[in-house]
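Peer 1: Please read through the structure below; I'll follow up with questions.
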């Protein structure tokens, strides 16, 4: 009887295990970050909404590869999911480049209204033909500049600075217009590059700067807010298509819950960051004359209007 019971228990355990599908999701930042909150919340919600039939394993700090590599893996189907900033996305879905135009978004409320509305929904659909299912827009945040040379107060202060940038053609074109020497590199390499002086500085949202401890290797921070950086939950399209209709809804709903947690963390980081980073020794320029920075970008903005369509850029600017 004991043997029979033991066999029954083993059989039951095997049955439960075989009913579970394990998937992986990765981010470039540490777990204690706005990106970590995004994927941890998503994983918890997927498991809850599918009654444990889907288990999402979470990987942090580029442990499955940098953002571009993770996107390639998801596109090929060797990895099921990733959460990425918009940095490498235009290399796969060029239509998303418009979101990286400098000073396109007024503030967080404006950016969120655009992404949560028809414009954002239309852009999410562009991923389908490229091997991805874009589940939802997340948020990386407004990007700010740090460096080790001197405070950035006016556009000419950026002349000649060697800055790490993302592999994003819009960013690179804009930063060249500022007189910056753009140096694209994977995020996983940035801390060491700053530490060793390979680059003078970098630009990222406050949440990334704090989570990555850039205060340890950067002296000056200027709250330029020059580019809004979305994030997104991406899934391999074939993997998504295999889900039942109910499970498809569950994954999308889980992503939406994750977005809210992600944005809440960014709001919290933004409130506390200046005092926190100042206490750690960073010298912070909190206010700039954005009109001067926009004026410096006028020639490149004309190029962007031709590239993306002035009407399309104006449609984004008009969202309330």
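The values are calculated or read from the model by the stated rules, or taken from the named source; none is laboratory data. Bear in mind the structure is a predicted one, so any value in this text is a computation, not a measurement. Neighbour counts run over all protein chains shown; Cβ positions are idealised from the backbone, glycine included.
Peer 1: Name the residues in region 236-252 that are in contact with a helix residue (DSSP H, G or I) (Cβ under 8 Å, 6 or more places away or on another chain) and either closer than 17 Å to residue 84 by Cβ or free of Cβ contacts under 8 Å to residues at least 12 places away in the same chain (or both), would you?
Peer 2: Passing the criteria: 236, 237, 240, 243, 248, 251.
Peer 1: A further question follows. Where residues in region 294-320 are in a loop (DSSP other than H, G, I, E, B) and surrounded by 16 or more Cβ atoms within 10 Å (Cβ to Cβ), which of them is farthest from the chain's Cα centre (by Cα)?
Peer 2: So, considering only residues that are in a loop (DSSP other than H, G, I, E, B) and surrounded by 16 or more Cβ atoms within 10 Å (Cβ to Cβ), the one farthest from the chain's Cα centre (by Cα) is 297.
Peer 1: Inside region 105-114, can you point out the residues that are out of contact with any helix residue (DSSP H, G or I) (no Cβ under 6 Å at 6 or more places or on another chain) and in a loop (DSSP other than H, G, I, E, B)?
Peer 2: Listed by number, the residues that qualify are 106, 107.
Peer 1: Looking at 291, 255, 273 in this structure, which one is assigned to a helix (DSSP H, G or I), under 24 Å from residue 87 (Cα atoms) and either out of contact with any strand residue (DSSP E or B) (no Cβ under 7 Å at 6 or more places or on another chain) or free of Cβ contacts under 8 Å to residues at least 12 places away in the same chain (or both)?
Peer 2: Just one listed residue meets the conditions, 273.
Peer 1: Please determine whether any residue of region 50-61 is under 14 Å from the mean Cα position of the chain (by Cα), at pLDDT 95 or above, outside any helix (DSSP H, G or I) and surrounded by fewer than 22 Cβ atoms within 10 Å (Cβ to Cβ). Explain how you work it out, then say what you get.
Peer 2: Residues of region 50-61 that are under 14 Å from the mean Cα position of the chain (by Cα), as a first pass: 60-61.
Retained after the next criterion (residues that are at pLDDT 95 or above): 60-61.
Checking the rest, the ones that are also outside any helix (DSSP H, G or I) come to 60-61.
Then keep just the ones that are surrounded by fewer than 22 Cβ atoms within 10 Å (Cβ to Cβ); that gives 60-61.
Among the residues of region 50-61, at least one is under 14 Å from the mean Cα position of the chain (by Cα), at pLDDT 95 or above, outside any helix (DSSP H, G or I) and surrounded by fewer than 22 Cβ atoms within 10 Å (Cβ to Cβ), which makes the answer yes.
Peer 1: Do we find that residue 208 is over 17 Å from residue 133 (Cα atoms), crowded, with 20+ Cβ neighbours inside 10 Å and in contact with a strand residue (DSSP E or B) (Cβ under 9 Å, 6 or more places away or on another chain) in this structure?
Peer 2: Taking the combined requirement at face value, the residue satisfies it.
Peer 1: Consider residue 187 against the criteria (1) on the phi < 0 side of the Ramachandran plot; (2) at pLDDT 95 or above: it satisfies all of them except one. Which criterion is unmet?
Peer 2: (2)
Peer 1: Would it be correct to say that residue 130 is more than 26 Å from residue 270 (Cα to Cα) and in contact (Cβ under 8 Å) with a residue 24 or more places away in the chain?
Peer 2: yes
Peer 1: Select from region 74-102 the residues that are part of a helix (DSSP H, G or I) and buried (at least 19 other Cβ atoms within 10 Å of the Cβ) and list them in ascending order.
Peer 2: The answer is 74, 89, 90, 96, 97, 98, 99, 100.
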